[in-house]
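Just below is one structure, and these are the notes that go with it.
The values are calculated or read from the model by the stated rules, or taken from the named source; none is laboratory data. The structure presented is a predicted model; accordingly, all values stated were derived computationally and were not measured. Because the Cβ atoms are built from the backbone with ideal geometry, glycine has one as well, and the counts that use them run over all protein chains shown. Surface areas here come from the heavy atoms of the whole protein model, side chains and all, with no ligands, DNA or RNA. Shrake-Rupley method; radii C 1.70, N 1.55, O 1.52, S 1.80 Å.
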Amino acid sequence: MDMTGQEEYPAKIGIIICSTRTPRVCPQITQFVLDTIQSTKHQDTTIPTPDIIDLAEWNLPLFDESSIPSQIKDPSQYDHDHTRAWSTEITRYHAFIFVVPQYNWGYPAVIKNAIDYLYHEWSGKPAFVVSYGGHGGGKCNRQLREVLRGVRMEIIERNVELAFPGRSVLERAAKGEDIGLANGSGSGGKLGFWEDERRGIVDAYRELLQVLSGPV
Ligand SMILES: Cc1cc2nc3c(=O)[nH]c(=O)nc-3n(C[C@H](O)[C@H](O)[C@H](O)COP(=O)(O)O)c2cc1C
């Protein structure tokens with residue numbers, strides 16, 4: 001397989017957990033996005049289920065390569081084993097969903113670090129961003145999309161911004177407590193307070209798959 005991973009089918013989608021602190025809420029929100037995508041499977045069983053890529057498990061050091069990744073032609077040219085392993089991981093996927101909190105009007109440093117390690121492994125692959133925060137993390141969402149365009153990813157039109165419904169949920173999120181998104185935890189078996197946001201997630205995912213399959 002080459003560094004773009006393009007010839008491997010069926011499509012493999014990676015969903016990246018973009019916060020790494022302890023405690024954190026990002027895994028719950030990532031699971032909500034996955035449950036939402038899974039819930040469409042009864043309509044279309046061919047829809048692929050994304051695999052989770054948790055940056056906390058990767059625990060990459062601060063960027064420490066001697067070359068500019070866009071000039072790397074083969075992973076053997078990387079200095080470090082951790083870069084080669086990260087390269088292999090990202091090469092496996094054809095498209096990505098980034099689930100990311102807003103930190104101080106931007107995105108967490110850990111996702112910029114993870115992006116900067118590579119270039120060709122990201123290039124040409126479609127992606128969308130699911131941000132969250134008090135007001136949906138719109139500033140972080142815009143900034144991250146700009147960076148992803150910088151590594152020549154194909155950012156789809158739709159993006160998803162999930163706003164915490166109030167101060168108390170934001171505080172529970174900050175403490176990594178259960179914010180009530182698990183399957184059936186909302187009234188009537190719904191997925192909690194973001195029930196109305198699920199349509200947007202499904203539409204974004206369908207658009208991602210459409211871009212991936214190319215013009216018809
Ligand atoms: C360093 C830091 C900065 C934050 N800045 C913002 C912000 O700019 N806007 C916002 O809505 N929430 C902000 N928050 C609150 C986060 O939305 C909330 O803590 C959330 O749980 C963070 O996701 P995580 O738990 O996965 O790290 C910030 C949280 C942290 C830790």
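Below is a table of values for the structure above.
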quantity	calculated
Residue match in the range 141-163 (condition: in contact (Cβ under 8 Å) with a residue 60 or more places away in the chain, part of a helix (DSSP H, G or I), more than 12 Å from the ligand (Cβ to nearest atom) and basic (Lys, Arg))	no
Selection count where residues are closer than 21 Å to PHE98 by Cα, open to solvent by 20 Å² or more (accessible area, probe 1.4 Å) and near the ligand (Cβ under 10 Å from one of its atoms), scope the range 165-183	3
Selection within the range 69-111 - open to solvent by 70 Å² or more (accessible area, probe 1.4 Å), in contact with a strand residue (DSSP E or B) (Cβ under 9 Å, 6 or more places away or on another chain) and among the polar types (S, T, N, Q)	none
The range 95-113 residues that are without any contact (Cβ under 8 Å) to a residue 12 or more places away in the chain, paired with ones that are surrounded by fewer than 22 Cβ atoms within 10 Å (Cβ to Cβ) (beta carbon under 6 Å, 6 or more apart)	none
Pairs, first closer than 13 Å to ALA95 by Cα and assigned to a helix (DSSP H, G or I) in the range 197-216, second among the aromatic types (Phe, Trp, Tyr) and at pLDDT 95 or above, C-beta under 7 Å, six or more apart	ALA204/PHE128; LEU208/PHE128
Count of residues meeting criterion [part of a loop (DSSP other than H, G, I, E, B) and either more than 16 Å from the ligand (Cβ to nearest atom) or surrounded by 22 or more Cβ atoms within 10 Å (Cβ to Cβ) (or both)] in the range 112-140	10
Identity of the residue in the range 28-68, among the polar types (S, T, N, Q) and open to solvent by less than 30 Å² (accessible area, probe 1.4 Å), that ends up farthest from HIS120 (Cα to Cα)	THR40
